[in-house]
Amino acid sequence: MSGLRSPHIAFPVASAALHAERLAWLLEHQGQISMDSGFELAVCELISRKDPEHLLPGSAEFAKRLVAPSAQQGVD
């Protein structure tokens, strides 16, 4: 694949990185990983343990992504 979009990283690779607590790698490649809300919560939990001063900005971004689909579906 060429162009501006980076290649997708397979979920098992991302999951292994999460299990190994490779936070820097996960943050570096976050745009290449399709994350469901459970995975994102696990990453937020990892941030809270490894890099707590960055938890609030990451949590705010996560909340925005969670609210957007709910608003589109008419869910409050």
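Miscellaneous remarks
- Selection from segment 12-53 of residues that are open to solvent by 40 Å² or more (accessible area, probe 1.4 Å) and within 17 Å of LYS64 (Cα to Cα): GLN30, GLY31, SER34, MET35, ASP36, SER37, GLY38, LEU41
- In the set (1) among the acidic types (Asp, Glu); (2) over 12 Å from the mean Cα position of the chain (by Cα); (3) modelled with pLDDT under 85, the condition left unmet by GLU61 is number (2).
The values are calculated or read from the model by the stated rules, or taken from the named source; none is laboratory data. Bear in mind the structure is a predicted one, so any value in this text is a computation, not a measurement. Surface areas here come from the heavy atoms of the whole protein model, side chains and all, with no ligands, DNA or RNA. Shrake-Rupley method; radii C 1.70, N 1.55, O 1.52, S 1.80 Å.
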